[in-house]
Amino acid sequence: MDFTFTEEQQAAVEAARAVFSGVAPDSVPSPALTRGAVAEDIDRRLWGELASSDLLGLTLAEEHGGAGLDPVALCLVLRESAKVLARVPLLESCAVAMAVERYGERALAAELLPRAARGELILTAGASGRTGHDPAELAVTARPEGEGEGSAGPAGWVLDGVQSAVPWAQAADWIAVPAHTGEGRAVLALVRRAQEGVTLADQVSTSGERLAEVRLDAVRIDARELIDAAGAWDWLRSLLTTGACALALGLGERVLAMTAEYTGKREQFGFPVATFQAVAVQAADRYIDLRAMEVTLWQAAWRISTDAGGPLPAAGDIAVAKIWASDGVRRIVQTAQHLHGGFGADTDYPLHRFHAWAKQIELSLGPAAAHEEALGDLLAAHPLA
């Protein structure tokens with residue numbers, strides 16, 4: 001496989017590194033010492049810098065103020081963001097914007113996307129459903145209301161239901177909500193956070209960031225704000241899942257680097273512990289995890305970016321990537337804690353923050369077991385020769 005990135009993709013990485021170079025992972029209180037969320041809002045200063053560096057519109061078309069790059073470029077930037085635990089909805093906002101551009105009405109895209117690229121609008125998505133275990137689209141119903149001009153379809157839609165654990169919802173202007181119609185079709189509704197009938201109840205993630213339970217009680221939206229194109233929600237969920245794999249990779253790389261630095265300096269019996277065979281073998285195993293996480297991530301991102309065919313649908317590659325991301329990042333932070341000894345549990349040292357974020361990423365959009373089940377279903381439906 002050729003993982004050579006284009007000049008434009010490499011330029012995006014350099015821009016991201018420049019922006020994230022000034023971010024400290026411990027800029028907010030420790031989640032281990034904080035009752036409730038570690039902060040009330042996202043990192044607005046960082047969000048503004050991402051907008052100024054044209055990274056929020058990276059994957060949007062030029063007509064919407066973007067650079068026209070693909071999901072691979074977004075994953076490269078997400079990888080860098082995870083190394084500093086960037087407290088911004090970069091994945092969610094960019095992914096929803098891409099879905100609107102790909103599947104939404106042109107007028108809606110023209111209204112929302114330039115402002116999203118400039119950082120003036122924040123977008124997020126509910127992907128957990130009511131419990132996190134059932135398909136997210138089953139948690140909300142969408143029923144048509146009235147008739148549009150020329151009987152081209154309904155004039156609007158009414159939404160009822162719940163989406164739990166919606167990331168960054170309190171800071172978002174619009175929330176993409178998967179729903180199902182009376183015919184059982186999966187659709188994607190765009191809902192204003194401040195819209196009548198929308199209520200948010202605070203929830204707290206494992207990493208200490210604010211989530212929200214979003215309740216929709218007879219929420220009325222215009223017809224253009226509901227995307228009913230076939231595959232729209234599946235595509236957005238696939239992109240969000242692939243982005244989570246990129247976050248896991250970046251976090252894992254940073255944690256393994258922290259571990260290498262610590263074990264290279266920490267001495268026992270007059271020697272750095274990194275020279276001990278037991279330590280070196282564990283670190284080598286985690287390096288192998290990282291390389292597997294990397295190769296499966298880029299395979300999944302390439303499938304989404306190119307719509308390329310294969311023995312299995314793209315969902316198969318995405319499931320494999322998330323299996324490796326979830327299991328790999330968990331093993332990496334556990335080994336890091338072990339090799340750091342008691343120092344790894346010191347709340348003045350940032351390792352415990354990475355551990356908390358790793359657990360959140362591991363479970364987001366489904367743990368490894370859920371994707372193993374999905375992969376099994378795909379293999380049963382598409383027998384390999």
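Tabulated data for the structure shown
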quantity	calculated
Subset of segment 342-385 (residues that are in a helix (DSSP H, G or I), more than 22 Å from Leu249 (Cα to Cα) and touching a residue at least 24 places away in the same chain (Cβ under 8 Å))	Phe343, Leu378, Leu379
Only one of Ala165, Ala136, Ala155 that is farther than 26 Å from Ser207 by Cβ and hydrophobic (A, V, I, L, M, F, W, C)	Ala155
Residues of segment 35-44 that turn out to be under 18 Å from Asp202 (Cα atoms) and open to solvent by 40 Å² or more (accessible area, probe 1.4 Å), as a count	3
Top-ranked residue in segment 167-209 [being among the hydroxyl-bearing types (Ser, Thr, Tyr) and open to solvent by 30 Å² or more (accessible area, probe 1.4 Å); ranked as farthest from Ala136 (Cα to Cα)]	Thr206
Segment 262-300, residues that are in a helix (DSSP H, G or I), at pLDDT below 95 and open to solvent by 50 Å² or more (accessible area, probe 1.4 Å)	Lys265, Thr275, Gln277, Ala278
Test: Gly366 is under 27 Å from the mean Cα position of the chain (by Cα), small (Gly, Ala, Ser) and buried (at least 19 other Cβ atoms within 10 Å of the Cβ)	yes
Flag for Leu159 being open to solvent by 70 Å² or more (accessible area, probe 1.4 Å), out of contact with any helix residue (DSSP H, G or I) (no Cβ under 9 Å at 6 or more places or on another chain) and touching a residue at least 24 places away in the same chain (Cβ under 8 Å)	no
One residue from Glu120, Glu105, Glu92 being closer than 17 Å to Asp173 by Cα, acidic (Asp, Glu), at pLDDT 95 or above and surrounded by fewer than 17 Cβ atoms within 10 Å (Cβ to Cβ)	Glu120
Pairs, first closer than 17 Å to Trp233 by Cβ in segment 124-149, second hydroxyl-bearing (Ser, Thr, Tyr) and part of a strand (DSSP E or B), C-beta under 8 Å, six or more apart	Gly126/Ser164; Ser128/Ser164; Gly129/Ser164; Arg130/Ser164; Gly132/Ser164; Ala139/Ser164
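The values are calculated or read from the model by the stated rules, or taken from the named source; none is laboratory data. This one's a predicted model, so the numbers in the text were calculated from it and none came from an experiment. Neighbour counts run over all protein chains shown; Cβ positions are idealised from the backbone, glycine included. Areas reflect the complete protein model, heavy atoms only, side chains present, ligands, DNA and RNA absent. Shrake-Rupley method; radii C 1.70, N 1.55, O 1.52, S 1.80 Å.
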